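First the structure, in the form of structure tokens, and then the observations on it.
The values are calculated or read from the model by the stated rules, or taken from the named source; none is laboratory data. All of these numbers come straight from a predicted model, not from anything done at the bench. Here the Cβ positions follow ideal geometry from the backbone for every residue, glycine too, while neighbour counts run over all protein chains shown.
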Amino acid sequence: MGRSGQHVAARAGEDPQLERRIRDGLAFAITDRGYLATTVADIARQARVPVSVVYELYGDKEACFLAFYRHTTSALLQHVQAIDRKQVAAGMDWRARVRGGVRAYLAALAAGPALSQVALLEIGLVGPQGRQARREALDGYAAMLDALTANDEAQRLGVRALGPSEALAVVGAVHELVVHHIDTVGAERLVELTAPVSDVIIRMVERR
């Protein structure tokens, strides 16, 4: 690690919450101003840190945004996966697991509307790297759905194993429903989508 990298690591080590504060600062700044109008100075002001610290840790606004996006989408996926493991341990059936996972996902987004706006609405403004990060996030959910439809219980119930491409198509449809709801109704009421989103997933994978 070079001198600059050592300095950044030392800075983060002195304040374990520093990166979280900067991520939160970015989310609130973008909620107020939108990604394009937000500056590194806005992020630093919201995080209550010197502008130089943001530059030292991330280099520029885009890198800071991508770090925030990847962190939050990864944490959200891990949260949904943890909920599903608990549902499996509780002996819940396939359809109930789908509904429980959808509700966990929507409730987590609704609990932090700033996260919803940044993670779902603004990522498209970040250029090629933003599109790549979005693909990675959707691929994670598609892999989870693919595994869910391919297990033995799902097959006994007549569920069609999707495969990666069809799983991604289902995830994409759900993503658009969620984005539309945020745009037209608001992130704080996302849990209202639990039933319709669950029904979309179940109908698209059950054999008729």
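Brief remarks on what is shown
- The condition of being over 14 Å from LEU190 (Cα atoms) and without any contact (Cβ under 8 Å) to a residue 12 or more places away in the chain holds for only one of ASP152, ASP139, ASP146, that being ASP152.
- Selection of region 158-173 for residues being out of contact with any Leu (no Cβ under 7 Å at 6 or more places or on another chain), surrounded by 15 or more Cβ atoms within 10 Å (Cβ to Cβ) and in contact (Cβ under 8 Å) with a residue 40 or more places away in the chain yields VAL159, ARG160.
- Residues that are surrounded by fewer than 19 Cβ atoms within 10 Å (Cβ to Cβ) and within 18 Å of the chain's Cα centre (by Cα), drawn from region 139-154: ASP139, GLY140, ALA143, MET144
- Hits in region 126-138 - residues which are over 14 Å from ALA67 (Cβ atoms) and either surrounded by 17 or more Cβ atoms within 10 Å (Cβ to Cβ) or at pLDDT 90 or above (or both): PRO128, ARG131, ARG134, ARG135, LEU138
- Only one entry in VAL170, VAL159 is in contact with a Ser or Thr (Cβ under 6 Å, 6 or more places away or on another chain) and either charged (D, E, K, R) or more than 30 Å from ILE22 (Cβ to Cβ) (or both), namely VAL159.
- Residue count for region 189-208 satisfying the condition of being at pLDDT below 90 and of a type outside the set (A, V, I, L, M, F, W, C): 4.
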